[in-house]
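Engineer: Dumping the structure here so I can ask a few things about it.
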């Protein structure tokens, strides 16, 4: 399932991969004697790292490609080496999980998804991509998204985790305020005077305000796209707020097994910090 998270995140985004696979794994733990903290940590890390490989794998990549008009060739040249190394790291991390013999399982209720709903969802993905790349107005994109989501499943709108959404909006409000503060503008300008500084600033800032807001904020001060790309993507490892995907995993665990949150947080931080240090050093080597 860890590798499913890595590869599916390339095309579905890291957030969608986690929204799909974390509930699936938690559902398996109802029928199997499976550990929770470490596997959830690895699934989240794999989704974050796998999403680096494509322009649409995560929001920060989409923003960087659109903002800098970054060509696919240049993007691939930057993302391929770190993605391959990340895959090897994920493979090594899976050996931390002790193999368990699975028991026989009872099949659950079969869920039928209509062809019309699938086509509407695919159309919605295309519309959102057009909006992200400014081909169609974002206002139109938002309106169509709400309408189509209602046509697919009106109840889904009520099930949206608005608390998590508001938290993420709060990060963007912080970015807006920071980008207008004269003192901070001067300090940030001093922190992005070289590729190494851009890289380290992106990675460090992501630990505090998350990697997507960090990418948006720092893009105003630098044209060194590869360094910023590596900084905010590797910076998705580390703290729980380093990536929205991390918070999504935490929220789902809180809804399912709140008693495991403390153990998950400890293991998550330990493995993520180790991964951040390893890939952080490799990122510096790539930039040389």
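Just so it is clear, none of the values below were taken in a lab; they were calculated from the coordinates. Treat the numbers as computed from the prediction; the structure is a model and nothing was measured. Here Cβ is always computed from backbone atoms with ideal geometry, including for glycine, and neighbour counts include all displayed protein chains.
Engineer: Which one, 57, 27, 204, has the greatest fluctuation when you compute a Gaussian network model over the chain with C-alpha springs under 10 angstrom?
Structural biologist: 27
Engineer: Next question, about the same structure. With the chain treated as a Gaussian network of Cα nodes joined by springs under 10 Å, which of 143, 52, 203 yields the largest mean-square fluctuation?
Structural biologist: Maximum among the listed residues: 143.
Engineer: Still on this structure, please answer the following. Treat each spin label as a single point 7 Å out from the Cα along the C-beta direction, and report the residue 153 to residue 103 distance in nm.
Structural biologist: Label at residue 153, label at residue 103, 2.9 nm between them.
Engineer: Moving to a separate point now. Could you please tell me the mean projected area of the C-alpha convex hull for the range 136-288, averaged over all directions and given in square nanometres to one decimal?
Structural biologist: Details: hull surface 45.3 nm².
Reported value for the Cα convex hull: 11.3 nm².
Engineer: Give the span of the chain's Cα atoms along each principal axis, as three whole-Å numbers ordered largest to smallest.
Structural biologist: Here the spans come out as 60, 45, 35 Å, largest first.
Engineer: Before rounding to the nearest 500, sum -39500 (n - 2.57) across all DSSP H runs of length at least 4 in the chain and divide by the residue total; then give [θ] at 222 nm in deg cm²/dmol. Walk me through the numbers on the way to the answer.
Structural biologist: Working: 15 runs with 211 residues, N = 288.
Value at 222 nm, helices only, nearest 500: -23500 deg cm²/dmol.
Engineer: Under 14 Å from a point placed 7 Å out from the Cα of residue 96 along the Cα-to-Cβ direction: which residues of the range 19-36 have their backbone N that close?
Structural biologist: Counting backbone N atoms under 14 Å from the label point, the list is 36.
Engineer: Let me have the relative contact order for the range 121-189, percent, based on Cα pairs under 8 Å that are six or more residues apart. Don't skip to the answer; put the middle values down first.
Structural biologist: Working: 21 pairs, mean separation 12.4, N = 69.
Computed over the range 121-189, the figure is 18 percent.
Engineer: Highest GNM mean-square fluctuation, the chain, Cα pairs closer than 10 Å: which of 84, 126, 274?
Structural biologist: Result for the chain, Cα springs under 10 Å: 126 fluctuates most.
Engineer: Separate question: Suppose R0 equals 30 Å; then what is the FRET efficiency for residue 67 and residue 288 from their Cβ-Cβ distance, rounded to the nearest 0.05? Don't skip to the end; give the middle numbers.
Structural biologist: On the way: r = 25 Å, r/R0 = 0.85.
Efficiency for this residue pair is about 0.75.
Engineer: Measuring from label point to label point, each 7 Å out along Cα→Cβ, what is the residue 258 to residue 189 span in nm?
Structural biologist: If labels sit at residue 258 and residue 189, their model points lie 4.9 nm apart.
Engineer: Then there is this: Between residue 167 and residue 143, with labels modelled 7 Å along Cα→Cβ, what's the label distance in nm to one decimal, could you check?
Structural biologist: Output for this residue pair reads 3.3 nm.
Engineer: Another question, if that's okay. Report, largest value first, the span of the C-alpha coordinates of the range 5-153 along each principal axis, in whole Å.
Structural biologist: Cα extents, longest axis first: 51, 40, 21 Å.
Engineer: Still on this structure: What Kirkwood hydrodynamic radius, in Å, does the range 127-166 give when the mean of 1/r is taken over all pairs of distinct Cα atoms and then inverted?
Structural biologist: Working: mean 1/r = 0.0906 Å⁻¹.
Value: 11.0 Å, from the Cα pair sum.
Engineer: Largest first and in whole Å, what are the equivalent-ellipsoid semi-axes of the range 33-85 based on the Cα gyration tensor, each being the root of 5 times an eigenvalue?
Structural biologist: Rounded to whole Å, the semi-axes are 29, 12, 6.
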